[in-house]
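Novice: Let me begin by handing over the structure; questions about it come next.
The values are calculated or read from the model by the stated rules, or taken from the named source; none is laboratory data. These numbers were taken from a predicted model, which means no experiment stands behind them. No Cβ is skipped: glycine too gets one built from the backbone with ideal geometry, and neighbour counts run over all protein chains shown.
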Amino acid sequence: MPASIIDGQAVAAAMREQYRLRSAALFEQTGTTPGLAVIMAGDDPASRIYVSKKIQACASVGIASRKFLFPADVTQAELIRQIEDLSADPGIHGILVQLPLPKHLDIKAVLGAIDRDKDVDGFHLYNVGGLVIGETVFPPCTPYGVMHLLDHVGVEIAGRNAVVVGASNIVGKPMALMLMQREATVSVCHARTRDLAQFTILADILIVAAGCPNLIVGPMVKSGAVVIDVGINRLPGGKLVGDCDFDSVAKRASLISPVPGGVGPMTVTMLLVNTIAAAERAAARRTAAPSLRSADLPAV
């Protein structure tokens, strides 16, 4: 039987409505409007599209967004100065630095300048390190979104064999840590993994984030596996595809996320979730309102 499709668009829409109501309640109770600052350096066309989509998504849930656009030759000192100013601004609850940055900038230094309580992308060293012991303030948005997709469709995680293909700091590594926190047995594969299929065929839950179109084909997937395709690749003809050969993998899997329309909408949604949660925390600290002090991030 062909796999059932995990509709990331529908899950994201439901979550955005839930958080739109939380944003409205926050304003009604405290006068606080969640604020997100988006910083972009350079003129990468794809980044401009992503930033535009994030700004539109903010408006849909009651987040006030501000864009800060810098030329490609911006100095590191200028960029960090702007981040420090925003970190001190009480009207800004989340700071997002759009990646990639121009090559002359030190990404670690730039991201490290963000106040950890405003690091809604979850890339600050504090938040990444916190994943190891389960005490991160903001989980990275893409793996956080994957976990919500798995929960939404009722996938049991504890005790299952999970394989993550791709070991990036943004997706693969935090994804593995989140699955381990939920008591999955996790294997992480990467560019130097030999005979990839011998690992993927054992996966009850297969998460692919390698950035390589059609890397995973049907015979590499265990019958009945849950497959989450995080990859986004544009083919020469302009078609968007994931890292899995969808047609052949869907014949083997029980559940599969499509590309587009799977993980992508969830990544942006979790950015909104983190920003509204950050605003709730800030309001709780300012007003000491017990009702807001208990408002926290959903469980990872």
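Novice: Does Leu69 satisfy the condition of being surrounded by 15 or more Cβ atoms within 10 Å (Cβ to Cβ) and either under 27 Å from Met15 (Cβ atoms) or hydrophobic (A, V, I, L, M, F, W, C) (or both)?
Specialist: No: the conditions fail for Leu69.
Novice: Look through segment 239-266, keep the residues that are of a type in the set (S, T, N, Q) and assigned to a loop (DSSP other than H, G, I, E, B), and return whichever of them is nearest to Gly172 (Cα to Cα).
Specialist: Ser257
Novice: Oh, and also: What residue, of Val171, Val120, is farther than 30 Å from Phe27 by Cα, surrounded by 15 or more Cβ atoms within 10 Å (Cβ to Cβ) and touching a Ser or Thr at 6+ places or on another chain (Cβ under 7 Å)?
Specialist: Just one listed residue meets the conditions, Val171.
Novice: Among the residues of segment 50-63, what is the count of those that are modelled with pLDDT of 95 or more, among the hydrophobic types (A, V, I, L, M, F, W, C) and surrounded by 17 or more Cβ atoms within 10 Å (Cβ to Cβ)?
Specialist: 4
Novice: Looking at segment 169-190, is at least one residue part of a loop (DSSP other than H, G, I, E, B), farther than 24 Å from Asn214 by Cα, touching a residue at least 24 places away in the same chain (Cβ under 8 Å) and not basic (Lys, Arg)?
Specialist: Scanning segment 169-190, I find at least one residue that is part of a loop (DSSP other than H, G, I, E, B), farther than 24 Å from Asn214 by Cα, touching a residue at least 24 places away in the same chain (Cβ under 8 Å) and not basic (Lys, Arg), so the answer is yes.
Novice: Could you list, in sequence order, the residues of segment 123-136 that are assigned to a loop (DSSP other than H, G, I, E, B), crowded, with 19+ Cβ neighbours inside 10 Å and either at pLDDT 95 or above or over 13 Å from the mean Cα position of the chain (by Cα) (or both)?
Specialist: Correct list: His124, Thr136.
Here is a yes/no grid of residues against (1) part of a strand (DSSP E or B); (2) surrounded by 19 or more Cβ atoms within 10 Å (Cβ to Cβ); (3) in contact with a Gly (Cβ under 6 Å, 6 or more places away or on another chain):
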{"residue": "Asn214", "(1), (2), (3)": "no, no, no"}
{"residue": "Ile228", "(1), (2), (3)": "yes, yes, no"}
{"residue": "Gly231", "(1), (2), (3)": "no, yes, yes"}
{"residue": "Gly237", "(1), (2), (3)": "no, no, no"}
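Novice: Here's a follow-up. Mind telling me which of the residues Ala14, Ala46 ends up being out of contact with any Gly (no Cβ under 6 Å at 6 or more places or on another chain), hydrophobic (A, V, I, L, M, F, W, C) and at pLDDT 95 or above?
Specialist: Going through Ala14, Ala46 in turn, the sole match is Ala14.
Novice: Can you tell me which residue within segment 127-150, out of those that are of a type in the set (A, V, I, L, M, F, W, C) and in contact with a strand residue (DSSP E or B) (Cβ under 9 Å, 6 or more places away or on another chain), is nearest to Asp7 (Cα to Cα)?
Specialist: Leu149
Novice: I've got another one for you. Run down Asp229, Asp151 and say which single residue is charged (D, E, K, R) and touching a Phe, Trp or Tyr at 6+ places or on another chain (Cβ under 9 Å).
Specialist: Answer to the selection: Asp229.
Novice: Right, another one. Just give me the residues in segment 72-108 being at pLDDT 95 or above, assigned to a helix (DSSP H, G or I) and not polar (S, T, N, Q), in sequence order.
Specialist: Selection gives Ala77, Glu78, Leu79, Ile80, Arg81, Ile83, Glu84, Asp85, Leu86.
Here's the yes/no breakdown for (1) at pLDDT below 95; (2) among the charged types (D, E, K, R); (3) on the phi > 0 side of the Ramachandran plot:
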site	(1), (2), (3)
Phe138	yes, no, no
His148	no, no, no
Ile157	no, no, no
Asn161	no, no, no
Gly166	no, no, yes
Met180	no, no, no
Ala184	no, no, no
Val188	no, no, no
Ala191	yes, no, no
